[in-house]
Amino acid sequence: MVIKEMTLDERISLLHGQGFSFGQQRPSSGTESNGGAGLTPAIPRLGIPAIQMADSAYGVTRGAFMGRYSTALTNNLGAASSWDPQAAFEYGQLIGRELRDQGYSMSLGGGVNLPREPRNGRTFEYQGEDPLLAGTLDGNVEKGVQSEHIIGDLKHYAINDQESGRNAVNANISARAMRETDLRAFEIALKISDAGGVMCSYNRVNGDFACENNYLLNDVLKRDFKFQGFVLSDWGGTHSTAKASHNGLDMEQPGETFFGDALKKAVESGEVSQAELDEHVHRILRTIFATGLFDHPVVRQVPDVDGGYAIAEKIAEKSIVLLKDSNHVLPLSASVRSIVLIGGHADKGVITGGGSAQVNPPGGNAVPPPPPAPGERFGRREEWLPDAPLQAFKARFGDSNVSYVSGDDPAAAAAAAKNADAAIVFGYQGESEGMDLKSLDLPDVQNKLIETVAAANPKTIVVLETGSPATMPWIDKVSGVIEAWFPGIRGSEALAKIVAGDVNPTGKLAITFPKSDADLPHPTLVLPPPESEPHRPAPGQNISEFMAQMQKGLPAFQVQYDEGLKVGYKWYDAEKKPVLFPFGFGLSYTTYAYSGLSVKTGDGLTVTFTVKNTGHRAGTEIAQVYTSFPESAGEPPKRLIGWARVELAPGESKPVTITVPQDRYTVYDEPSDSWKLVPGSYNIMAGSSSRDLPLAKSVSLQ
Ligand code: BGC
């Protein structure tokens, strides 16, 4: 009914953005920008509201430009260590609420690409390496966003797994590998969230740009996944009018190079049919209705900062992963009177993930960087939240018991460590969109600093603030390691509670930590040739000019994802590579024992076993279930098929039942374009990580 009332111009106006509007309130077609990354204008004549979009992966971005506050949560990969769908929902709900408070109606977040290339500078924005875990958590985040009547989004669809040359790269990958790994994560996330938007990515996939890729958009997303929302291009990721429209793109962002006048002409000439145009419009209008934006118009209000803090702290507590705890060095006992914190700007704050996901630190960057290099734009500069570990540790352990040295002088740091009962060294790795890590090694002289301190004090604990795995050449020399990720605005409080033992750590890795880059499927990053490189404006180049150059299409270069199904632990298992810390791993201050596995087959599996808390503290164990496949399936050695968070008092045992729907252990059959159960013997395994599975039972499935 609404579409029928709309003129051609009004219809077209919903299908493209209004130009770059970051941090500005430029007037456009009667609609003011809210300062976010993009928008579609309101049509007041028909009561259609604007869609005001803001990047919001781990919090609402670019608040500072507009004088607004947003809560910075633990980064996405970090928060995935909770393995907790409810926590993921609350994460998204908070983002949805703060978007609404700030006048936005759509989230640009929901990154769920799998880390085929863990050095990808955006690994911190994604949910880890397993499609079931990543899809479940991301789906719950977006469900949380949409519970606030804000349009959710899944991105970057698809196989946008490295930033280097992202606007040119052609990802070569088999249909089966895509369907069972990267696309499976999107499929699961979509099913849970019914997200209103899917952002197609910059790269090419098997020859076609993702935003004009018939297979990805029409065959898989719209036909097989039954996606009812709209596909919007990543910013500048549209490359054609008729081809993109036919192949499933619904909305160009942020401008109107192809979906403005050019689309109007294509409709007038019949190159794009009226029905096809109306389908794009319908998907957008339908999403506005379905999300509830008509019924619950966005009204700006002051955000609940304390409420946000409380959620941020709870998420951080569930995200932090205890990786090493020799001789129970942690939690620090009451006999530890003096603690020295070393390095990592622990006197100032905690680092955040950069690029379009950057949440502005309230009150400004706690560690101001040197002035930008010529031509440098957003994204390259580390931003630190003003939540200093030093302050949090002083508050918890007593003002005079905690000191700080910068670590700039390793000898001075070692001397301070020698004089303290315990030394905590903070290591970090800055990460951002628009770059990839050169290596998973901690940059600069951090490894050297850690070794020097460890040699001076046997009670040396390393706290890492990284958004992806890190290598640890010093692992045998330190007593404790805690992965705190980019822990967010209350990360230091959560960390102090874990170090003190007020909170028993529960987090488990959603990504494998390899021993070195050499063990990755692609030991060296595939770098673009210079002509395929530019993904940011040259010094002095105007952004629209740059965008036009990018949209013409930079020359392709090839990445072969021939590891296929073997992403993450599936790779290390298949290649029999030892790892530093496996997928699903994380220690607790208590211990657990597994017993009594039984598996009932039928419509899906019912897997039952018992977990006992064999230690002296209450804890929550994340119990995991994997399966192997019959040889003829051609699958990697194991696949995660379920998990449960089990809360246990000291000494307590609980039966755990995990129901596993059949679609968790079927395989994609390319010739018939369908999912099949491969008949034969399956080994069902249960335990505490992908490499610690004490229970196993073979079942025959037909
Ligand atoms: C990023 C997207 C983001 C968009 C708008 C792009 O460069 O890849 O993730 O949503 O910019 O800021």
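Restricting Phe209, Phe186, Phe124, Phe227 to residues that are more than 16 Å from the ligand (Cβ to nearest atom), aromatic (Phe, Trp, Tyr) and crowded, with 24+ Cβ neighbours inside 10 Å narrows the list to Phe227. Here Asp408 meets the list (1) closer than 30 Å to Ser164 by Cα; (2) in a loop (DSSP other than H, G, I, E, B); (3) over 23 Å from the mean Cα position of the chain (by Cα); (4) not small (Gly, Ala, Ser) almost entirely, failing just condition (1). Taken over segment 298-346, the residue count meeting the criterion of being under 14 Å from Val481 (Cα atoms) and among the aromatic types (Phe, Trp, Tyr) is 0. Scanning segment 645-675 for residues that are closer than 17 Å to Ala696 by Cα, in a strand (DSSP E or B) and either among the hydroxyl-bearing types (Ser, Thr, Tyr) or open to solvent by less than 40 Å² (accessible area, probe 1.4 Å) (or both) yields a count of 5.
In segment 50-64, the residue that is surrounded by the most Cβ atoms within 10 Å (Cβ to Cβ) out of those that are part of a strand (DSSP E or B) and within 12 Å of the ligand (Cβ to nearest atom) is Ala54.
Checked against (1) open to solvent by 10 Å² or more (accessible area, probe 1.4 Å); (2) hydrophobic (A, V, I, L, M, F, W, C); (3) in contact with a Phe, Trp or Tyr (Cβ under 6 Å, 6 or more places away or on another chain), Leu77 passes all but a single condition, namely (1).
If you filter segment 40-49 down to residues that are in contact (Cβ under 8 Å) with a residue 60 or more places away in the chain and surrounded by fewer than 24 Cβ atoms within 10 Å (Cβ to Cβ), you find that the one that is farthest from the chain's Cα centre (by Cα) is Gly47. Has segment 240-247 got any residue that is assigned to a helix (DSSP H, G or I), more than 15 Å from the ligand (Cβ to nearest atom) and surrounded by 23 or more Cβ atoms within 10 Å (Cβ to Cβ)? Yes, segment 240-247 contains a residue that is assigned to a helix (DSSP H, G or I), more than 15 Å from the ligand (Cβ to nearest atom) and surrounded by 23 or more Cβ atoms within 10 Å (Cβ to Cβ). For Pro528, are the conditions met, namely being touching a residue at least 60 places away in the same chain (Cβ under 8 Å) and either closer than 30 Å to Ser588 by Cβ or open to solvent by 30 Å² or more (accessible area, probe 1.4 Å) (or both)? When the stated conditions are applied, Pro528 does not pass them.
Residue count for segment 149-192 satisfying the condition of being closer than 14 Å to Gly110 by Cα and β-branched (Val, Ile, Thr): 4.
Identify, please: which residue in segment 3-37 is outside any loop (DSSP other than H, G, I, E, B), at pLDDT 95 or above and open to solvent by less than 40 Å² (accessible area, probe 1.4 Å) and is, among those, nearest to the ligand (Cβ to nearest atom)? Out of the qualifying residues, it is His16.
The single residue among Asp234, Asp250 that is open to solvent by less than 40 Å² (accessible area, probe 1.4 Å), acidic (Asp, Glu), closer than 20 Å to Val559 by Cβ and at pLDDT 95 or above turns out to be Asp234. Is there a residue in segment 417-431 that is part of a loop (DSSP other than H, G, I, E, B) and within 16 Å of the ligand (Cβ to nearest atom)? So far as segment 417-431 goes, yes, one or more of its residues are part of a loop (DSSP other than H, G, I, E, B) and within 16 Å of the ligand (Cβ to nearest atom). Within segment 89-107, track down each residue that is within 14 Å of Thr291 (Cα to Cα), open to solvent by 10 Å² or more (accessible area, probe 1.4 Å) and in contact with a helix residue (DSSP H, G or I) (Cβ under 7 Å, 6 or more places away or on another chain). Of everything in segment 89-107, just one residue is within 14 Å of Thr291 (Cα to Cα), open to solvent by 10 Å² or more (accessible area, probe 1.4 Å) and in contact with a helix residue (DSSP H, G or I) (Cβ under 7 Å, 6 or more places away or on another chain), namely Gln93.
The rows are residues; the columns are (1) more than 16 Å from the ligand (Cβ to nearest atom); (2) open to solvent by 10 Å² or more (accessible area, probe 1.4 Å); (3) touching a Leu at 6+ places or on another chain (Cβ under 7 Å).
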| site | (1), (2), (3) |
| --- | --- |
| Gly109 | no, no, no |
| Lys143 | yes, yes, no |
| Glu148 | yes, yes, no |
| Asn160 | no, no, no |
| Met178 | yes, no, no |
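Tell me which strands (runs of 3 or more DSSP E) are completely within segment 509-621 and hold 1 or more residues being over 30 Å from Ser700 (Cβ atoms), or say none if there are none. Once the strands (runs of 3 or more DSSP E) in segment 509-621 are filtered for at least 1 residues that are over 30 Å from Ser700 (Cβ atoms), what remains is 557-560, 604-613.
Tally the residues that are touching a residue at least 24 places away in the same chain (Cβ under 8 Å) and within 21 Å of Met178 (Cα to Cα), restricting the search to segment 643-668. Counting residues in segment 643-668 that are touching a residue at least 24 places away in the same chain (Cβ under 8 Å) and within 21 Å of Met178 (Cα to Cα) gives 6. Residue pairs whose Cβ atoms lie under 7 Å apart, separated by 6 or more positions or on different chains, with the first residue in segment 191-215 and modelled with pLDDT of 95 or more and of a type in the set (D, E, K, R) and the second part of a strand (DSSP E or B) and more than 15 Å from the ligand (Cβ to nearest atom), are Arg204/Asn170; Arg204/Ala171. Just a yes or no: is a residue in segment 197-206 within 16 Å of the ligand (Cβ to nearest atom) and either aromatic (Phe, Trp, Tyr) or assigned to a helix (DSSP H, G or I) (or both)? Taking every residue of segment 197-206 in turn, at least one turns out to be within 16 Å of the ligand (Cβ to nearest atom) and either aromatic (Phe, Trp, Tyr) or assigned to a helix (DSSP H, G or I) (or both).
Is it fair to say Arg396 is basic (Lys, Arg), modelled with pLDDT under 95 and surrounded by 13 or more Cβ atoms within 10 Å (Cβ to Cβ)? Against the criterion (basic (Lys, Arg), modelled with pLDDT under 95 and surrounded by 13 or more Cβ atoms within 10 Å (Cβ to Cβ)), Arg396 does not qualify. Hey, does segment 633-644 have a residue that's in a loop (DSSP other than H, G, I, E, B), under 17 Å from Tyr682 (Cα atoms) and open to solvent by less than 20 Å² (accessible area, probe 1.4 Å)? Checked segment 633-644: at least one residue is in a loop (DSSP other than H, G, I, E, B), under 17 Å from Tyr682 (Cα atoms) and open to solvent by less than 20 Å² (accessible area, probe 1.4 Å). Out of curiosity, is Ala266 open to solvent by less than 40 Å² (accessible area, probe 1.4 Å) and within 20 Å of Ile3 (Cβ to Cβ)? Yes, satisfied.
Across segment 676-691, the number of residues qualifying as assigned to a strand (DSSP E or B), surrounded by 12 or more Cβ atoms within 10 Å (Cβ to Cβ) and without any contact (Cβ under 8 Å) to a residue 40 or more places away in the chain comes to 0. If you scan segment 270-313, which residues turn out to be surrounded by fewer than 13 Cβ atoms within 10 Å (Cβ to Cβ) and in a loop (DSSP other than H, G, I, E, B)? Result: Gly270, Asp295, Pro297, Val299, Arg300, Gln301, Val302. In segment 321-331, of all residues being part of a loop (DSSP other than H, G, I, E, B) and touching a strand residue (DSSP E or B) at 6+ places or on another chain (Cβ under 6 Å), the one that is surrounded by the most Cβ atoms within 10 Å (Cβ to Cβ) corresponds to Leu330.
The values are calculated or read from the model by the stated rules, or taken from the named source; none is laboratory data. Quick caveat: nothing in here was measured; it's all calculated off a predicted structure. We place every Cβ from the backbone using ideal geometry, glycine too, and count neighbours over all the protein chains shown. Just the protein is used for accessible areas: all its heavy atoms, side chains included, with ligands, DNA and RNA removed. Shrake-Rupley method; radii C 1.70, N 1.55, O 1.52, S 1.80 Å.
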